[in-house]
Amino acid sequence: MIKGVYETHGHDVAVKETRGRGLPLGGCLFGSAVGVVLLLYGISHGGADGIVALAAAIPGTLIIAPAAVYLIYRAVRDRPALVIGERGFTDHASITGVGYVAWDEVAGIRLDRVWVAIKLRDPDPVIARQPAWRRALMRMNSKIVPGDVIIPTNALSMSSQELINLMMDRLQRSLEGEG
């Protein structure tokens, strides 16, 4: 048994998400509250002060409030961040989690700072399965980390090295099964 992980369905390994999201959630809730206060101030006061308050409140509220909602959703849901199986893996580790990817779609796996970057043989089918907003986020991610699927390891209950070793082992077993 690997620390921070539990077995499901025999051979699948489900990796839990850490509960270390309190600080980001608190920051988002505080930022959302500040944004709403500035928005109300900007609406109720005219002149330069109101315009400055609105200029700060609108972008902040449009970005921070949805982030807070997403972090609350992540905190209350009860499903693993990542499930690694014999035939593939299911990624729900971040907002850009792509869902199920079969091992025969994977061309390579590598650690890049705090991410596992997965290169796909043909990324188009996996990307096509995603909603438009997630495809846009995936394009932005690909400019930062070279890879088609990006799994952040800092929020997982398994170390980066354990995760890479497990994924490489499952990929290798899958390749050996084909041959």
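The values are calculated or read from the model by the stated rules, or taken from the named source; none is laboratory data. Quick caveat: nothing in here was measured; it's all calculated off a predicted structure. Positions of Cβ are generated from backbone atoms using ideal geometry, with glycine treated the same way; all protein chains shown enter the neighbour counts.
Odds and ends about this structure:
- All positions within region 104-159 that are among the hydroxyl-bearing types (Ser, Thr, Tyr) and under 24 Å from GLU86 (Cα atoms): THR153, SER157, SER159
- Helices (runs of 4 or more DSSP H) enclosed by region 95-179 - at least 1 residues per element that are in contact (Cβ under 8 Å) with a residue 24 or more places away in the chain, among the charged types (D, E, K, R) and surrounded by 13 or more Cβ atoms within 10 Å (Cβ to Cβ): 132-144, 160-178
- In a residue-by-residue description of region 73-88, the property of being among the charged types (D, E, K, R) and in contact with a Lys or Arg (Cβ under 8 Å, 6 or more places away or on another chain) applies to at least one position.
- Those residues of region 1-39 which are at pLDDT 75 or above and among the β-branched types (Val, Ile, Thr), in sequence order: VAL13, VAL15, VAL34, VAL36, VAL37
- Residues that are at pLDDT 90 or above and under 18 Å from ALA107 (Cβ atoms) within region 128-147 comprise ALA128, ARG129, listed in sequence order.
- For region 35-83, residues that are of a type in the set (D, E, K, R), assigned to a helix (DSSP H, G or I) and in contact (Cβ under 8 Å) with a residue 12 or more places away in the chain total 1.
- Residue in region 99-110 that is at pLDDT 85 or above, under 14 Å from the mean Cα position of the chain (by Cα) and on the phi > 0 side of the Ramachandran plot present: yes
- Residue in region 155-172 that is out of contact with any Asp or Glu (no Cβ under 8 Å at 6 or more places or on another chain) and more than 20 Å from ASP12 (Cα to Cα) present: no
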